[in-house]
1. Just to be sure I understand, how many residues within region 10-22 are within 17 Å of Arg69 (Cα to Cα) and away from the ligand (no atom under 16 Å from the Cβ)?
2. Does Val79 fit the bill of being over 10 Å from the mean Cα position of the chain (by Cα) and in contact (Cβ under 8 Å) with a residue 40 or more places away in the chain?
3. For residues that are loosely packed, with under 15 Cβ neighbours inside 10 Å and part of a helix (DSSP H, G or I), scanning just region 1-48, find the one that is farthest from the chain's Cα centre (by Cα).
4. Mind checking which pairs have a first residue in region 1-17 that is over 12 Å from Thr95 (Cα atoms) and in contact (Cβ under 8 Å) with a residue 40 or more places away in the chain and a second that is open to solvent by 30 Å² or more (accessible area, probe 1.4 Å) and part of a helix (DSSP H, G or I), Cβ under 9 Å, 6 or more apart or different chains?
5. Mind checking whether some residue in region 82-98 is of a type in the set (Gly, Ala, Ser) and either within 16 Å of the ligand (Cβ to nearest atom) or open to solvent by less than 30 Å² (accessible area, probe 1.4 Å) (or both)?
6. Filter region 23-65 down to residues that are among the hydrophobic types (A, V, I, L, M, F, W, C), closer than 16 Å to Pro81 by Cα and within 9 Å of the ligand (Cβ to nearest atom), then give me how many there are.
7. Of the conditions (1) assigned to a loop (DSSP other than H, G, I, E, B); (2) crowded, with 20+ Cβ neighbours inside 10 Å; (3) in contact with an Asp or Glu (Cβ under 6 Å, 6 or more places away or on another chain), Ala78 fails just one. Which one is it?
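The values are calculated or read from the model by the stated rules, or taken from the named source; none is laboratory data. Keep in mind the model is a prediction, meaning the values are calculated, not measured. FYI the Cβ positions are ideal-geometry reconstructions off the backbone, even for glycines, and counts take in every protein chain you see. These accessible areas exclude ligands, DNA and RNA; they are computed on the full protein's heavy atoms, side chains included. Shrake-Rupley method; radii C 1.70, N 1.55, O 1.52, S 1.80 Å.
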Amino acid sequence: MSDLSLASLIAGKPIKIEKDGRTICVARVGDEVFAIDDTCSHSDASLSEGEVTDFKIECWLHGAEFDLRTGEALTPPAVAPIKVYPVIVDGDSVTVDA
Ligand code: FES
């Protein structure tokens, strides 16, 4: 069963979902969809409230940026990567493999 519909995801407006006890940030970039752990690796902030630019998401609290494709921390103050989850897009159906 899918978690979301592609049409419900607006590029640049990440959302937060709960799946199997995990809180996951889902972000659409063009027709691609990325899923990462919602909690910033720097402190306790929700990345789904951050800003998406290209393939980067910026934490709203202290401004660390992460690569949505790899979870890599790109700018301080975060240094640890974020866990990424595979996403399957099939037509309008989006499934996060958490
Ligand atoms: S909590 Fe995200 S950068 Fe500090």
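1. Here the count works out to 4.
2. Details: over 10 Å from the mean Cα position of the chain (by Cα): yes; in contact (Cβ under 8 Å) with a residue 40 or more places away in the chain: no.
The answer is no for Val79.
3. Restricting to residues being loosely packed, with under 15 Cβ neighbours inside 10 Å and part of a helix (DSSP H, G or I), the top hit is Ala7.
4. Final answer for the pair search is Pro14/Glu49.
5. Pass one, region 82-98, residues of a type in the set (Gly, Ala, Ser): 91, 93, 98.
Filter again for either within 16 Å of the ligand (Cβ to nearest atom) or open to solvent by less than 30 Å² (accessible area, probe 1.4 Å) (or both), leaving none.
Within region 82-98, not a single residue is of a type in the set (Gly, Ala, Ser) and either within 16 Å of the ligand (Cβ to nearest atom) or open to solvent by less than 30 Å² (accessible area, probe 1.4 Å) (or both).
6. Summing the residues that are among the hydrophobic types (A, V, I, L, M, F, W, C), closer than 16 Å to Pro81 by Cα and within 9 Å of the ligand (Cβ to nearest atom) in region 23-65 gives 5.
7. (3)
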